[in-house]
Amino acid sequence: MKPAQLKGLASKLTDDYRVSITRACRVVQFHRSGWYYRSKARDSSVIRKRMQEIAQVRVRYGFWRIFILLRREGWKDNHKRVHRLYKEEGLNLRAKRPRRNKAATHRLERPELSSNHECWSMDFVADQLFDGRKFRCLTVVDNYSRQCPGIHVGASLKGEDVVAALERIRQVTKKLPRRIQVDNGSEFISKALDKWAYDNKVTLDFSRTGKPTDNAFIESLNGSFRDECLNVNWLLSLEDAQEKTEVWRQEYNGFRPHSSLGDKTPEEWVECNIVEPEFSTFDMS
């Protein structure tokens, strides 16, 4: 039985049979120190307010990410207390994305990654501005470190735009991958991208048709990008969309904790776990 139930039985004995507290506790096998224990209510108003502030700014962060951010700020409360307060404040995420079927178990064999820039993934995300004008975003992610080296926004993106975006990423990072995983979209099977990949010795690894789980890393990035950026911002123009997208990308790389990286950010993961080789076949500097 729980301590509260045992204490209740002991209390009933003292009331009904007028026995001493010591005897009542001995009969129900309840330690006498528990009889005199009084819980000390802790003031939770400050941490509740901080949780509300985090949830209002990052509306798609769930309990664990909020808990990690609180720990970063120095809060010592354990996860059980924080979770109780999280539920009491009504911060639970309501709309959960449906879990996909386990089609990924039949995915084609691919080499295991051991370092940064071995394999990237690319895909498109479509959305619209406040006035209904549609636009697309080319998203890129490093499959090993989960870093997002770039997101390009445009009204209509073609194969030439994909090449231009990759060239901009190369100019900034001085890196290109050995392999890029993509789907079979017209932009990725274009002659422009095929020529660029051949000239730069980059292998284009195409997913099977109708199998998004073949490219799971970019699907995960796109889901977070839509939840935490596109769905929570009022986008006034393509320039505004690009600016807010870049702000989110920098936060994704340098602030947002990733459970797959031990609750570190991609930048922290790279700093702690990856040593860049002095000479590399995929170093473009």
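The values are calculated or read from the model by the stated rules, or taken from the named source; none is laboratory data. These figures come from a predicted structure and were not determined experimentally. When we count neighbours, we look across all protein chains shown, and the Cβ atoms used for this are built from the backbone with ideal geometry, even at glycine. Note: accessible area is taken over every heavy atom of the protein model, side chains too, but ligands, DNA and RNA are not part of it. Shrake-Rupley method; radii C 1.70, N 1.55, O 1.52, S 1.80 Å.
Things to note:
- Residue in the range 13-31 that is within 30 Å of Val247 (Cα to Cα) and open to solvent by 40 Å² or more (accessible area, probe 1.4 Å) present: no
- Test for Ser224: is it of a type in the set (Ser, Thr, Tyr), in contact (Cβ under 8 Å) with a residue 12 or more places away in the chain and farther than 20 Å from Gly254 by Cβ: no
- Remark: pairs (first residue in the range 151-169, in contact (Cβ under 8 Å) with a residue 60 or more places away in the chain; second residue assigned to a loop (DSSP other than H, G, I, E, B) and open to solvent by 50 Å² or more (accessible area, probe 1.4 Å); Cβ separation under 9 Å; 6+ apart in sequence or on different chains) = Ala155/Arg133.
- Residue match in the range 73-93 (condition: in contact with a Phe, Trp or Tyr (Cβ under 9 Å, 6 or more places away or on another chain), modelled with pLDDT under 85, under 30 Å from Glu251 (Cβ atoms) and polar (S, T, N, Q)): yes
- Residues being part of a loop (DSSP other than H, G, I, E, B) and either open to solvent by 30 Å² or more (accessible area, probe 1.4 Å) or within 16 Å of Arg136 (Cβ to Cβ) (or both) - total across the range 204-258: 12
- Qualifying residue in the range 189-203 (condition: hydroxyl-bearing (Ser, Thr, Tyr), within 20 Å of Ala164 (Cβ to Cβ), at pLDDT below 90 and open to solvent by less than 60 Å² (accessible area, probe 1.4 Å)): yes
- Scope the range 154-166; condition under 27 Å from the mean Cα position of the chain (by Cα) and not small (Gly, Ala, Ser); matching residues: Leu157, Val162, Leu166
- Summed over the range 34-45, the residues that are open to solvent by 90 Å² or more (accessible area, probe 1.4 Å) and modelled with pLDDT of 80 or more give a count of 1.
- Within the span defined as the range 259-267, every residue fails to be of a type outside the set (Lys, Arg), under 16 Å from Asp127 (Cβ atoms) and either within 19 Å of the chain's Cα centre (by Cα) or assigned to a loop (DSSP other than H, G, I, E, B) (or both).
- Of the residues making up the range 125-183, those that are of a type in the set (Ser, Thr, Tyr), open to solvent by 30 Å² or more (accessible area, probe 1.4 Å) and either closer than 20 Å to Ser114 by Cβ or in a strand (DSSP E or B) (or both) are Tyr144, Thr173.
- Pairs, first over 17 Å from Phe225 (Cα atoms) in the range 129-140, second assigned to a loop (DSSP other than H, G, I, E, B), C-beta under 7 Å, six or more apart: Phe130/Trp234; Phe130/Leu235; Phe130/Leu236
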